[in-house]
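Novice: What follows is a single structure, and I will ask about it in a moment.
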Amino acid sequence: MRRMAADAVTMDKIVALCKRRGLIFPASEIYGGIANTYDYGHYGVLLKRNVIDAWWQAMIGDRTDIVALDSAIIQHPRTWEASGHLAGFTDPLVDCKTCGQRFRADHLGELACGRKPSKHPGETPECDLTEAREFNLMFETTIGPVKEAGATVYLRPETAQGIFLDFKTVLGFARKKPPFGIAQVGKSFRNEITPGNFVFRTLEFEQMEMEFFVPPDKAQQWHEHWLKERLDWYVRLGIRPDYLKLRPHDADELSHYSSATSDVEYLYPIGWSELEGIANRGDFDLTQHAKFSGEKLEYFDTASGERYVPHVVEPAAGVGRTMLAALCDAYDEDEIGGEQRTVLKLHPRLAPIKVAVLPLVRKDGQPELAREVFDSLRGQLQAEYDEGGTIGRRYRRQDEIGTPYCVTIDHQSLEDRTVTVRDRDTLEQDRVPIDDLPATLGARLASPWESPKLAAA
Ligand code: GAP
């Protein structure tokens with residue numbers, strides 16, 4: 001087996017692989033698609049679920065100081081006045097009267113002119129750009145059957161605000177006191193104008209956000225704690241540490257609510273870009289919602305008699321960007337027997353399918369035995385049965401979706417009830433008794449909370 005160059009991955013190859021294997025593909029394709037919007041197919045859904053499960057595991061399973069929440073997407077419109085999104089969640093836009101396209105005024109240097117893609121907007125004498133104007137990123141809709149008489153509401157642009165609105169309620173039943181966190185996963189919506197780079201920037205996307213409420217004098221310490229925790233989480237998912245970094249925001253980049261933010265960045269094929277933001281939001285949100293709602297949003301410590309508005313440290317991650325980083329990081333090409341192979345060396349925890357069961361040929365009792373093996377595994381592991389096509393093609397297919405192990409049933413299996421287990425990464429095969437298979441595979445797959453890449457280093 002010959003390995004190709006380490007930088008074999010490009011965004012085009014990831015997009016093509018995701019489409020070819022049905023992980024992620026453009027939405028509304030029969031109507032020509034819709035800007036920056038994608039659908040997730042079977043393997044994409046399984047991969048996404050594994051990302052979200054790993055996040056919940058880190059937030060809820062591995063700790064005792066965080067509780068879960070699932071708040072509404074459409075909240076009271078005053079939410080967005082208080083949070084500052086109505087006034088300040090904007091991008092500066094310019095229109096070109098010549099080509100009719102719209103551009104982010106602060107990204108002109110990275111964008112392509114509508115008529116001469118080799119130039120940036122405004123670079124040719126024909127470009128006729130308007131003055132920049134602020135454009136709010138929130139999607140607006142109406143509650144009620146009559147648009148004009150209804151109440152204007154917004155699809156949430158971040159899940160965080162639902163957590164702040166429920167702070168008092170959760171505090172009442174969660175039996176927690178600061179430092180403690182409230183975690184939630186769900187869809188957010190932003191009317192993004194900038195080209196998306198596949199699922200990196202989409203109109204609707206899933207966020208994994210946790211608001212950690214702390215005594216004010218402990219905020220900086222907890223910010224540092226979460227920077228480390230979150231960076232480690234990506235490493236434990238198998239992402240190469242040298243493709244990850246923390247980047248503190250400059251003062252002019254900070255959001256209106258933040259006194260300090262660092263991004264976890266990944267070296268995507270498009271360059272270093274944000275995977276997750278970890279912000280010290282201070283008491284901005286609770287103070288604002290207290291002001292706008294008239295509710296007291298504070299913590300009263302009955303033991304010390306102390307009363308204060310907790311400060312908030314917020315790790316805010318995107319599911320799509322985590323998937324994209326995992327896919328780019330896992331993508332590899334090598335050569336086996338003169339044939340090129342594309343393989344996703346995904347961490348077993350993330351792999352959509354953990355084991356594929358394949359009869360070598362579709363006769364001589366092999367499919368029946370393979371079905372028996374498949375049935376013994378599928379309750380325990382995400383398994384797949386496949387008997388269509390040559391064995392080589394079936395291996396290639398599993399390699400491309402990142403299946404760590406293929407179990408093959410051959411003529412010897414019918415004689416001695418052993419099967420071969422093929423390792424996706426090393427391509428080594430060994431024979432294992434069918435009765436030992438669940439335990440053997442379970443043990444090989446159960447490294448999960450450490451990175452095989454780190455372990456091998
Ligand atoms: N509550 C803070 C907040 O929303 P953010 O940096 O705007 O902060 C957090 O978003 C994460 O959500 C980002 O790091 C990214 O992973 C993801 N995200 C934001 N906008 C996105 C978009 N348009 N498409 C895909 N993911 C997005």
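Novice: Of these, 351, 303, which one is within 18 Å of the chain's Cα centre (by Cα) and either of a type in the set (A, V, I, L, M, F, W, C) or not in a strand (DSSP E or B) (or both)?
Specialist: After applying the criteria, what remains is 351.
Novice: Something else: Just checking, does the stretch 96-115 include any residue being more than 16 Å from the ligand (Cβ to nearest atom), over 29 Å from residue 15 (Cβ atoms), in contact with a strand residue (DSSP E or B) (Cβ under 6 Å, 6 or more places away or on another chain) and of a type in the set (A, V, I, L, M, F, W, C)?
Specialist: No; the residues of the stretch 96-115 include none that is more than 16 Å from the ligand (Cβ to nearest atom), over 29 Å from residue 15 (Cβ atoms), in contact with a strand residue (DSSP E or B) (Cβ under 6 Å, 6 or more places away or on another chain) and of a type in the set (A, V, I, L, M, F, W, C).
Novice: Which of the residues spanning the stretch 256-271 are within 13 Å of the ligand (Cβ to nearest atom) and either in a strand (DSSP E or B) or under 23 Å from residue 244 (Cα atoms) (or both)?
Specialist: 258, 261, 262, 263, 264, 265, 266, 268
Novice: State which residue pairs qualify: first residue farther than 27 Å from residue 83 by Cα and inside the stretch 126-145, second residue open to solvent by less than 40 Å² (accessible area, probe 1.4 Å) and among the acidic types (Asp, Glu) in any location, beta carbons under 8 Å apart, and separation of 6 or more residues or different chains.
Specialist: 129/95; 130/95
Novice: Then there's this: With respect to the numbered conditions (1) in a strand (DSSP E or B); (2) modelled with pLDDT of 95 or more; (3) over 29 Å from the mean Cα position of the chain (by Cα), which one is the sole condition not fulfilled by residue 277?
Specialist: Going through the list (1) in a strand (DSSP E or B); (2) modelled with pLDDT of 95 or more; (3) over 29 Å from the mean Cα position of the chain (by Cα), residue 277 breaks only (3).
Novice: What is the residue count in the stretch 187-217 for residues that are away from the ligand (no atom under 16 Å from the Cβ) and either hydrophobic (A, V, I, L, M, F, W, C) or touching a residue at least 60 places away in the same chain (Cβ under 8 Å) (or both)?
Specialist: Residues meeting the conditions: 3.
Novice: Among (1) crowded, with 16+ Cβ neighbours inside 10 Å; (2) in a helix (DSSP H, G or I), which single condition is residue 211 missing?
Specialist: (2)
Novice: Next question. Can you list the helices (runs of 4 or more DSSP H) found entirely within the stretch 16-97 that contain at least 2 residues being modelled with pLDDT under 95?
Specialist: Qualifying helices (runs of 4 or more DSSP H): 85-88.
Novice: Sticking with this structure for a sec: Any idea how many residues of the stretch 116-158 are part of a strand (DSSP E or B) and either away from the ligand (no atom under 16 Å from the Cβ) or within 16 Å of residue 194 (Cα to Cα) (or both)?
Specialist: Residues flagged as part of a strand (DSSP E or B) and either away from the ligand (no atom under 16 Å from the Cβ) or within 16 Å of residue 194 (Cα to Cα) (or both) within the stretch 116-158 amount to 12.
Novice: Restricting the search to the stretch 393-416, which residues are touching a residue at least 24 places away in the same chain (Cβ under 8 Å), over 29 Å from the mean Cα position of the chain (by Cα) and open to solvent by 10 Å² or more (accessible area, probe 1.4 Å)?
Specialist: Within the stretch 393-416, 410, 411, 414 qualify.
Novice: Out of 359, 367, I need the residue that is open to solvent by 10 Å² or more (accessible area, probe 1.4 Å) and either of a type outside the set (A, V, I, L, M, F, W, C) or touching a residue at least 40 places away in the same chain (Cβ under 8 Å) (or both). Which one?
Specialist: Just a single option satisfies the conditions, and that option is 367.
Table: residues versus (1) under 27 Å from residue 141 (Cβ atoms); (2) surrounded by fewer than 17 Cβ atoms within 10 Å (Cβ to Cβ).
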| residue | (1), (2) |
| --- | --- |
| 36 | yes, no |
| 43 | no, no |
| 63 | no, yes |
| 76 | yes, yes |
| 79 | yes, no |
| 82 | yes, no |
| 90 | yes, yes |
| 102 | yes, yes |
| 107 | no, yes |
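The values are calculated or read from the model by the stated rules, or taken from the named source; none is laboratory data. For clarity, every value in this text was computed on a predicted model and none was experimentally measured. Reconstructed Cβ throughout: ideal geometry from the backbone, glycine too, with neighbour counts over all protein chains shown. Heads up: the accessible areas ignore ligands, DNA and RNA and are worked out on the full protein's heavy atoms, side chains in. Shrake-Rupley method; radii C 1.70, N 1.55, O 1.52, S 1.80 Å.
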